[in-house]
Amino acid sequence: MIFLGKSIVLLIPCATCSFSIRKSLWHDMVTVKIGPQAKIFRIHKDVLCAKSEYFKRSLNGKFAEAVTSVVTLDDADEMVFTIISTWLYDGQLRLFDGDNDKISAMLVKYKKCSMHPDTPTTWPWQLVIDLCIFADRYRISGMEIVLLDALRGISFTPDYAMITAAYSMPSEDLRSIVVDRFVALKYDAGEKSDFDELPNDFKYDIVNKLLKVCNGIP
C-alpha cells in the first residue's frame, strides 16, 4: 500500500490472487472518491470489476465512470472502504493492515475498548453492519457471507438503528440474525413510538418467530 498525499494506491500482488487479478496490476487504474471529503483511492480496474458487479457495469458500460475512470461514492465511509479495498485484492477481512493509529480512531468512533485486526468477531457490530450494507449495495462478491458469519459471533442487542439498517437491505440472512437475537433477548426496541415506526416486515417476522418459539419450532 502506497500513500501519495490524499491518495491511497493499493499494490498487493498476493499469492492468493488469481492470475487474472495479478495480471491486472499492470492494467488501468480507477480513482474512487469516498465520502464528503472525497478521499481518493486508486484501485486497479480489473480488480474492481472482478469482485463487484456494480463496478463492472459502471466501468464498462455507457456511464460517465466508464469514460473518466472516476467513481464517486459521496455517502460511503472512508474506514469502511479501506476494509473493502483490502477484500477486493486478497479476499481477507482486515483492519488497515495493523495500522495502530487508524485502529485507535476506530475504537474511539465505535466506543470499543479493543479489537483484533484479523478477527471480525471482535469488531463493533455497527462496523460489520456498515460493511454488510456496502457489500450488498455494491455487490461485492463473497463478502456478505463472511460478514454474516462474523456477526453471528458478536454479542449485540438489536436497537432501532440496527433493525432499520437490516431491513433496508434485501438480505434475508441478516434479517434472520436480527430477529433471532431480538426474540432471544426479549428486547424492547425503545419507546412504543419507535417500535411503531419500525419496518412492517420486521414486525411480521417477529410475530412469525414468536409463533415458532411457542410451538417449539427452531
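Some points to look at:
- Restraint check, 39/111; 109/209; 56/212, Cα-Cα greater than 30 Å: 109/209; 56/212
- Every Cα-Cα pair of segment 44-140 was included, and the share exceeding 24 Å stands at 26 percent.
- Calculated FRET efficiency, residue 141 to residue 38, Cβ-Cβ distance, R0 = 25 Å: about 0.45 to the nearest 0.05.
- Taking each residue as 0.36 nm, the span from residue 159 to residue 207 lengthens on full extension beyond its C-alpha to C-alpha distance by 15.5 nm.
- Fully extending the segment from residue 121 to residue 56 would add 20.4 nm, taking 0.36 nm per residue of separation and subtracting the current Cα-Cα distance.
- As a length-normalised measure over Cα pairs under 8 Å and 6 or more apart, the relative contact order of segment 71-165 settles at 22 percent.
- Solvent-free Debye scattering, log10 I(q)/I(0), computed from the Cα coordinates of segment 103-182 at q = 0.13, 0.17, 0.22 Å⁻¹: -0.37, -0.65, -1.07
No lab work stands behind these numbers, since they all come straight from the coordinates. Everything numeric in this text was worked out from a predicted model, so none of it was measured. Reconstructed Cβ throughout: ideal geometry from the backbone, glycine too, with neighbour counts over all protein chains shown.
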